[in-house]
1. Fully extended, how many nm does the chain gain between residue 163 and residue 49 (0.36 nm per residue separation, minus their Cα-Cα distance)?
2. Given R₀ = 41 Å, FRET efficiency for residue 226-residue 284 by Cβ-Cβ distance, to 0.05?
3. What full-extension length gain, to one decimal in nm, is calculated for residue 149 and residue 28 as 0.36 nm per residue of separation minus the Cα-Cα distance?
4. Loop-only check: which GluC sites (Glu not before Pro) in the range 136-166 are DSSP coil with at most 11 other Cβ within 10 angstrom?
5. Among 223, 61, 245, whose Cα lies farthest out toward the positive end of the dipole of the chain, if unit charges sit on the beta carbon of Lys, Arg (+1) and Asp, Glu (-1)?
6. Counting other C-beta atoms within 10 Å, and keeping those with at most 11, which DSSP coil chymotrypsin sites (Phe, Trp or Tyr not before Pro) do you find in the range 172-276?
7. Using amide H atoms built in the peptide plane, which far-off residues or other-chain residues are under 5 Å from residue 216 H to H?
8. Work out the count of Lys pairs in the chain where the Cα-Cα distance is under 19 Å, with the pair 8 or more places apart or on different chains.
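Since every read-out is calculated from the coordinates, none of them should be taken as a lab result. These numbers were taken from a predicted model, which means no experiment stands behind them. Counting neighbours? That spans all protein chains shown, and the Cβs are built from the backbone with ideal geometry, glycine included.
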Amino acid sequence: MHAPENLKPLLQEILQQALTVNDGKVADYIPALAEVKADYCALTVATLDGSVTSVGDSQVAFSIQSISKIFGLMLAMERMGESLWERVQMEPSGQPFNSIVQLEWEKGIPRNPMINAGAILVSDVLVSHFSASKSALLSMVRSLCHRENVGVDSRVHESEREHGARNSALAYLMKSFGNIEADVEEVLDHYFWQCALTMTTEDLARSLAFLANRGKCPLSGKQITTHRDAQRINALMSTSGMYDQSGQFAFTVGLPAKSGVGGGIVAIVPDYGVIAAWSPPLNSFGNSARSMAMIRNLANRLGLSVY
Ligand SMILES: NC(=O)CC[C@H](N)C(=O)O
């Protein structure tokens, strides 16, 4: 495996290459996200020996959006155990992340926790099982990335609430099938709030290192999830983390990954570390074009694939 001390020049080269990728468009269906500069670009690798190597805008915090689906899922798995899987499936959807069609055919049971319907269902579990679901999630995220001032962008939170018709439709449809227990508006507020968490690529890489390390945080030595749950989260990321581009990502990269419409993507390399990339312009699947290019090039250069 590539020694971490030699990574910097390689990351620099890959970042420069990615800056020549000019396809894609910054998300504008959430107006506050449309204001983010398109030329931000960052790449971080955190390895299990504790070293973190970064290039570009790795100190700039951005809206993690759907990457938060991993954090919500961790808490819901811990609270619900096996019974969670009666309310959300573990199959790829083959549909866009905010699609509604399957949800009616499948009686309000979302395809997986990595698409919006699944994460709204997970938000219902959190709102129903924690007296303060937002602070439970925030303190978990802060302790995972060892940074106490990780926060939430309240403008993004508000902006998404004001333009949340599609997510509201998903939540009310699930409620009509009896698959949402709490008050729908409270569930949506939690979901929008967690999407508005802001983190840097370094925070993301550090916080998810346990997924590459059989559930154990390599820095603190603390067991964050069981080994089995870490494997399950990685499996869901592999099959569904890049939405309806998950098959292509598995074919060309071969790592469990999760993207968000803020332009971030995290990829897990079991027994090695985490790659986190960020650049706002998105392709037609809602995945960052440059972040995908950076992770694909790095994985190919280092021969990193789980297959
Ligand atoms: N893919 C994403 O990052 C989607 C999250 C976004 N907050 C939404 O609900 O539409």
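1. Extra length from residue 163 to residue 49 when fully extended: 36.8 nm.
2. Taking R0 as 41 Å, the efficiency between residue 226 and residue 284 is 0.65.
3. Separation in residues times 0.36 nm, less the Cα-Cα distance, equals 40.8 nm.
4. Working: sites: 148, 158, 160, 162; in loops: 148.
The qualifying sites are 148.
5. Farthest along the dipole direction, towards plus: 223.
6. Hits after loop and neighbour filter: nothing returned.
7. Counting only residues 5 or more places away or on other chains, the set is 224.
8. Close lysine pairs found across the chain: 5.
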